[in-house]
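In what follows, a structure is listed as structure tokens, so that the remarks can point back to it.
We did not get these values from a lab; they are worked out from the coordinates using the rules stated. Just so we're clear, the structure is a prediction, and the values are computed from it rather than from any experiment. Cβ: placed from backbone, ideal geometry, glycine included. Neighbour counts: every protein chain shown.
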Amino acid sequence: MSSFLQPAFRHANQSLMRWSRNASLALPKRSFSSTVTRPLRTDVEYKPDDADSGKIAHLSFFGDKKFPIASRDSMQTLLAELESIEGRQDVFALIIRSTFVGADLDGLRCLQGPRDAKSFIKVVDNLCSKLQDFRIPVISVIDGPCMGAGMELAAACDLRYATSSATFAMPETRLGMPSVVQASLMPGLIGWGRARELLYLGDVYDAHTMQLWGFVNKVFGRSEMEHAVIGLEQKLAQLEPKALATQKALMRVWEKRGTERAGIDASIDAFTNAFVDETATKKIRAVRTAMKTRQL
């Protein structure tokens, strides 16, 4: 760890205690309050049950508290579940129906110096990187507080749907440390000026503000969210799974290489490869036939 970061981590324990007593963040009292006492529980449902062309995975996870906390163990459990889902070739999209309220403060308080701190934050990075590089598109459904590591996890997804009751914050500076790893995605998602405000001040924002800023794609009332997810499933089911996965991979190439010559060349290769088999040709033919039918 670089020398200029060491004072922040030495100061973190005192800051954690002061923040937990005095911070004005509008967080549920139970959200950050205690160490997880049993492993994270996960539930995966594949829909539709009888689909021949592919399925959408719905992943939910639960902890001891009303809102799951991102402890080292819980993140490793979630990472293992993601690897299992990614290994299924019949799955063409993932909808994550839960989010972490934030990092486990008791776990952060007990970190034993810089080496332990680095080990912890690399677990966060590994989990978020898995979502960024996931073989298929990942949609995060956010209902409740989404703070710190939870917001980084959401940022690593491809799309974000939120209920109107969801709240967002990056409170690390209030805890004596900077926002790191996938917090680096924020400038690209919401712009440099707003990213500075989000990461510097540690304020809480509502879902509509995050939609206005560009972090959240769509906001729904809590009672409307299930209908919105069903609508999303229907849209995804109309897409060609191979093309969707290729587009996800191409987006990652553009993020890494940029949209200049290297990114364009990669897209030319992706387009060419779409015609290696008959998939694209058949899809185009079916769409063209449907268009002619509507014109009759």
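List of remarks:
- As a proxy for reagent exposure, 88, 261, 174 were ordered by neighbouring Cβ count within 10 angstrom, fewest first; the result is 261, 88, 174.
- Local electrostatic count, residue 130, Cβ distance below 9 Å [Lys/Arg +1, Asp/Glu -1]: -3
- Computed extension length for residue 289-residue 66: 75.2 nm, one decimal, from 0.36 nm per residue of separation with the Cα-Cα distance subtracted.
- Coupling constants for the stretch 86-93 follow from the phi torsions by the Karplus curve (6.51 cos²θ - 1.76 cosθ + 1.60, θ = phi - 60°), and in residue order they are 5, x, 7, 6, 8, 9, 10, 7 Hz; glycine and proline get x.
- Between residue 273 and residue 251, the simple label model (points 7 Å from Cα in the Cβ direction) yields a spacing of 1.7 nm.
- Around residue 222: net Lys/Arg minus Asp/Glu count, Cβ-Cβ under 14 Å: -2
- Cα principal axis extents for the stretch 100-238, largest first, Å: 50, 31, 27
- Rg and Dmax over the alpha-carbon atoms of the chain stand at 20.8, 74 Å.
- Cα gyration tensor category, rounded, prolate or oblate, for the stretch 150-193 with a/c compared to 1.5: oblate
- Note, ³J(HN,Hα) from phi for the stretch 175-185, Karplus 6.51, -1.76, 1.60, rounded to Hz, x at Gly and Pro: 10, x, 8, x, 7, 9, 6, 6, 4, 5, 7
- Of all aspartates and glutamates in the structure, those lying under 17 Å Cα to Cα from residue 118, and not within fewer than 8 positions of it along the same chain, are 73, 104, 106, 152, 172.
- Cross-link partners of residue 292 among lysines (Cα-Cα below 29 Å; sequence separation of 8 or more within a chain): 235, 242, 282, 283
- Put in line by how crowded their Cβ is, counting other Cβ atoms within 10 Å and starting with the fewest, 97, 294, 135 read 294, 135, 97.
- A simple count of charges around residue 87, restricted to other residues whose Cβ falls under 15 Å of its Cβ and scoring Lys, Arg +1 and Asp, Glu -1, yields -1.
- Normalised convex hull volume, the stretch 164-296, alpha-carbon set, Å³ per residue: 166 Å³
- With 10 Å bins from 0: P(r) over the stretch 240-295, alpha-carbon pairs, percent: 22, 39, 27, 11, 1
- Ranking of 92, 271, 67 by count of other Cβ atoms within 10 Å, fewest first: 271, 67, 92
- Mean ellipticity per residue at 222 nm, deg cm²/dmol - from DSSP H runs of n ≥ 4 across the chain, formula -39500 (n - 2.57): -16000 deg cm²/dmol
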